[in-house]
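Enquirer: Before we start, here is the structure in question, set down as structure tokens.
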Amino acid sequence: MKGWRLLPGLLALLACLPLAGCWNRVELSDIAIVSATGVDWKDGQWQLSYQVVIPQAISGQSPSADSGAAVNVFSTKGENFRGAISKASLETPRRLFFAHNQIVIIGQEAARKGISTLAEAYLRTPDSRETVSVFLTKGSARRVLEQLIPLEKIPGAAIQQMVFNEELNGSTFQEMTMHKVLENLLGSAQAVGIPSLAITGTGESLDQADKLARTNTPSKVRLLDLGIVSGDKLVGWITKEESSGVMWITDQIKKSTVSFACPDDGENKVSSIRITKASTKLRPQRSGDKWTMHVETRAEGTLLEYNCGGDMMQPKQVDATGQAIAQSIKGTMESGWKAVAKYKSDVLGFGDLIHRKHPGTWKQIKGEWPDLFARMDVKIQVKVRVNSTGMSGNSFKKVQEKARS
């Protein structure tokens, strides 16, 4: 009898189970999927631009003139971020859906104004994705969002994949997610380096699908410089070569190609090596009110081009070539250090290291750290091992000369 008394309750519970998974269902026809966002400061207001996916245009494998653009870009303005987003309902019949937003591009004027407003919006919004990739641009963020990219339907996804590929194979720039940016700006030094995007070539806007019918495009979106953000404001730019030096110092090199001069010629970098493994260790040292950072780098790789006169079958020549490569890497690292030091912005993480190893000392010096950082002595040591020299010990020209004699 007791079991029969429980039956009505069990039936009611079972009746509720089919409803448990669909109470907050979102219909695709009700939302506008945002794949990328742009932030600009224009006419005294924040201008937010949205790259919205057009579902019916992404059924193919690649963009084409016949299918039309797979995205649409529009902008809203407001005195703050949420105010600008709320105005989207004035010109779109669908609610903006940011769960698939892959990149955020910040224009130079907005970055100089300060990115704390963007950080505030991300920290207070539950559905914000901290894995979104962050970029800067010297021009308009909206204009970058408008550019179509060959081989890919959705430009936002293509740009994110671009920095993934660069980080793994070129190591000139590091992918900076929103999480990494906020972590650095809330860290000891409160500074971060963010890669930038630029429209290169002729500058012609690639915002129409019919332009993809050409065998070559007049302009393209590419990674260009590294923006230095201190506090929450953009303070300056360093070149991609200097950014490579930053990557070496901060132990972010995964794979990279390094050009180097011959051991007997310190000028022309006519040879190259593919770095397959690298590591950098930092050791801070204090002497009075002066700090020294000892940087020790070890790398190894495979020779790609060798246009020098020595015979790489000889161990002495291999060692001399390794030293020449080490000198090239050291020069890149020194260039990167000098570039960031002039902005007094510790994007290298030196302050974080000192904070961890000497917490008591850090409390005393953190207020004057930007000046101390800029005055630091950075002593760099690099050792390179050439693992493989290929099938020939001599350069092609040397072999050719021997063939003639």
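The values are calculated or read from the model by the stated rules, or taken from the named source; none is laboratory data. Quantities reported herein were computed from a predicted structural model and do not represent experimental measurements. All Cβ positions, even for glycine, are placed from backbone atoms using ideal geometry, and neighbour counts span all protein chains on display. Note: accessible area is taken over every heavy atom of the protein model, side chains too, but ligands, DNA and RNA are not part of it. Shrake-Rupley method; radii C 1.70, N 1.55, O 1.52, S 1.80 Å.
Enquirer: Considering only residues that are touching a residue at least 40 places away in the same chain (Cβ under 8 Å) and of a type in the set (D, E, K, R), which ones fall in segment 254-304?
Expert: 254, 255, 264, 265, 269, 286, 289, 290, 296, 298, 300
Matching residues to (1) of a type in the set (Phe, Trp, Tyr); (2) over 29 Å from the mean Cα position of the chain (by Cα); (3) modelled with pLDDT of 85 or more; (4) surrounded by 10 or more Cβ atoms within 10 Å (Cβ to Cβ):
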| residue | (1), (2), (3), (4) |
| --- | --- |
| 29 | no, yes, no, no |
| 36 | no, no, yes, yes |
| 55 | no, no, no, yes |
| 61 | no, no, no, no |
| 67 | no, yes, no, yes |
| 86 | no, yes, yes, yes |
| 95 | no, yes, yes, yes |
| 102 | no, no, yes, yes |
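Enquirer: Just give me the residues in segment 283-316 being closer than 20 Å to residue 262 by Cα and part of a loop (DSSP other than H, G, I, E, B), in sequence order.
Expert: Matches in segment 283-316: 306, 307, 308, 309, 310, 311, 312, 313, 314.
Enquirer: Under the condition of being touching an Asp or Glu at 6+ places or on another chain (Cβ under 7 Å) and outside any strand (DSSP E or B), which residue from segment 194-221 is surrounded by the fewest Cβ atoms within 10 Å (Cβ to Cβ)? Before the answer, list the steps.
Expert: Restricting attention to segment 194-221, the residues satisfying the condition of being touching an Asp or Glu at 6+ places or on another chain (Cβ under 7 Å) are 196, 205, 207, 218-219.
Now drop any that are not outside any strand (DSSP E or B), which leaves 205, 207, 218.
Numbers: 205: 14, 207: 14, 218: 12.
Taking the candidates together, the pick is 218.
Enquirer: Look at segment 254-281 and say how many of its residues are more than 26 Å from residue 308 (Cα to Cα) and crowded, with 19+ Cβ neighbours inside 10 Å.
Expert: Initially, segment 254-281 is screened for residues more than 26 Å from residue 308 (Cα to Cα), giving 254, 279-281.
Within this subset, residues satisfying the condition of being crowded, with 19+ Cβ neighbours inside 10 Å are 280.
Qualifying residue count for the region: 1.
Enquirer: Taking residue 321, is it in contact with a helix residue (DSSP H, G or I) (Cβ under 8 Å, 6 or more places away or on another chain), in the same structural domain as residue 260 (by TED's automatic domain parsing) and among the hydroxyl-bearing types (Ser, Thr, Tyr)?
Expert: Criteria not met by residue 321.
Enquirer: So for segment 217-238 (the condition being at pLDDT 95 or above, aromatic (Phe, Trp, Tyr) and under 26 Å from residue 326 (Cβ atoms)), does at least one residue qualify?
Expert: no
Enquirer: Filtering segment 259-317 down to residues that are β-branched (Val, Ile, Thr) and either out of contact with any Lys or Arg (no Cβ under 9 Å at 6 or more places or on another chain) or modelled with pLDDT under 90 (or both), which residue is farthest from residue 385 (Cα to Cα)?
Expert: Only one residue tops the list, namely 270.
Enquirer: Being of a type in the set (Asp, Glu) and either within 15 Å of residue 193 (Cα to Cα) or touching a residue at least 12 places away in the same chain (Cβ under 8 Å) (or both) is the filter here, so list the residues in segment 305-350 that pass it.
Expert: 305, 311, 334, 346
Enquirer: Residue check, residue 368 against (1) assigned to a helix (DSSP H, G or I); (2) open to solvent by less than 40 Å² (accessible area, probe 1.4 Å), all met but one. Which one?
Expert: Residue 368 satisfies every listed condition except (2).
Enquirer: State yes or no: is residue 274 in a strand (DSSP E or B) and in the same structural domain as residue 68 (by TED's automatic domain parsing)?
Expert: Criteria not met by residue 274.
Enquirer: Continuing with this model, one more query. Return the total of residues in segment 282-294 being closer than 17 Å to residue 356 by Cβ and either of a type in the set (S, T, N, Q) or open to solvent by less than 50 Å² (accessible area, probe 1.4 Å) (or both).
Expert: Adding up the residues that qualify gives 6.
Enquirer: For segment 233-254, does any single residue satisfy the condition of being of a type in the set (S, T, N, Q) and in a strand (DSSP E or B)?
Expert: The answer is no; no qualifying residue exists.
Enquirer: So residue 45 passes all but one of these: (1) open to solvent by 20 Å² or more (accessible area, probe 1.4 Å); (2) modelled with pLDDT under 85. Which condition number does it fail?
Expert: It fails just one condition, (2).
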